[in-house]
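Visitor: Can you keep this structure in mind? I'll have questions shortly.
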Amino acid sequence: MNPSFVIARATVKGLFRDRIFHAALVLNVLFLLFSTFLSTLTIVEQRKILLDFGFAAASILGVGFSILLGSSFVRRELDSRTVYTLLAKPVGRAQYLLGKITGGMVVVIGLHVISFLTLVAAL
């Protein structure tokens, strides 16, 4: 198997178990509950406000999660020294970073899909 794919799969598993991911999901649900509350305050455009606020919340959440993810996932492995064991094997630095970035993108896409599904459920 391709080493980048193996690293990406391990990254996805690790990030789905991470506290930051779970906090982002809870924050997403809170944003959507707040958006349903805001949409009840208007008279005419309840659906539009719910959609606008829901999409904005998903976008802001995705960007914030990406920033936190990008700044912490390589540093965490350097601190725990697991990257040294991995790079001692026949895996290049470029393959390692490609696997980490691919795994991070899959998690961010998954977060956006979950945000979209909760927005559809709120509608």
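Visitor: Sort through VAL91, VAL107, VAL113 and tell me the only one that's more than 19 Å from MET1 (Cβ to Cβ) and surrounded by 13 or more Cβ atoms within 10 Å (Cβ to Cβ). So that I can check it myself, show each step before the final result.
Guide: Values: VAL91 fails: more than 19 Å from MET1 (Cβ to Cβ); VAL113 fails: surrounded by 13 or more Cβ atoms within 10 Å (Cβ to Cβ).
Of VAL91, VAL107, VAL113, the one residue that is more than 19 Å from MET1 (Cβ to Cβ) and surrounded by 13 or more Cβ atoms within 10 Å (Cβ to Cβ) is VAL107.
Visitor: Pairs please, first residue from segment 107-121 and of a type in the set (Ser, Thr, Tyr), second anywhere and surrounded by 19 or more Cβ atoms within 10 Å (Cβ to Cβ), Cβ atoms under 6 Å, 6+ apart in sequence or on different chains.
Guide: Pairs found: SER115/ASN28; SER115/ALA58; THR118/LEU32.
Visitor: Search segment 27-57 for residues being of a type in the set (S, T, N, Q) and under 12 Å from SER115 (Cβ atoms), and hand back the single one that is nearest to the chain's Cα centre (by Cα). Spell out how you get there, then give the answer.
Guide: We begin by selecting, within segment 27-57, every residue of a type in the set (S, T, N, Q); these are 28, 35-36, 39-40, 42, 46.
Still in the running and under 12 Å from SER115 (Cβ atoms): 28, 35.
On the way: ASN28: 11, SER35: 21 Å.
Top of the filtered list is ASN28.
Visitor: Test ALA58 against the stated conditions and say whether it is touching a Phe, Trp or Tyr at 6+ places or on another chain (Cβ under 8 Å), surrounded by 14 or more Cβ atoms within 10 Å (Cβ to Cβ), part of a helix (DSSP H, G or I) and of a type outside the set (Val, Ile, Thr).
Guide: Values: touching a Phe, Trp or Tyr at 6+ places or on another chain (Cβ under 8 Å): yes; surrounded by 14 or more Cβ atoms within 10 Å (Cβ to Cβ): yes; part of a helix (DSSP H, G or I): yes; of a type outside the set (Val, Ile, Thr): yes.
In short, yes.
Visitor: To continue, here is another question. Restricted to segment 49-96, and to residues that are more than 23 Å from HIS22 (Cα to Cα) and of a type in the set (Ser, Thr, Tyr), which residue is modelled with the highest pLDDT?
Guide: Selected residue: TYR96.
Visitor: Given the conditions (1) open to solvent by 70 Å² or more (accessible area, probe 1.4 Å); (2) without any contact (Cβ under 8 Å) to a residue 60 or more places away in the chain; (3) under 20 Å from PRO3 (Cα atoms); (4) within 22 Å of the chain's Cα centre (by Cα), and given that GLU77 satisfies all but one, which numbered condition is not satisfied?
Guide: Here GLU77 meets the rest and fails (1).
Visitor: Of all residues in segment 9-39, which are out of contact with any Leu (no Cβ under 8 Å at 6 or more places or on another chain) and open to solvent by less than 40 Å² (accessible area, probe 1.4 Å)?
Guide: Correct list: THR11, VAL12, GLY14, ASP18.
The values are calculated or read from the model by the stated rules, or taken from the named source; none is laboratory data. None of the values given here were measured: they were computed from a predicted structure. Glycine gets a Cβ as well: all are built from the backbone with ideal geometry, and neighbour counts include every protein chain shown. Calculation scope for accessible area: heavy atoms of the full protein, side chains included, ligands and nucleic acids excluded. Shrake-Rupley method; radii C 1.70, N 1.55, O 1.52, S 1.80 Å.
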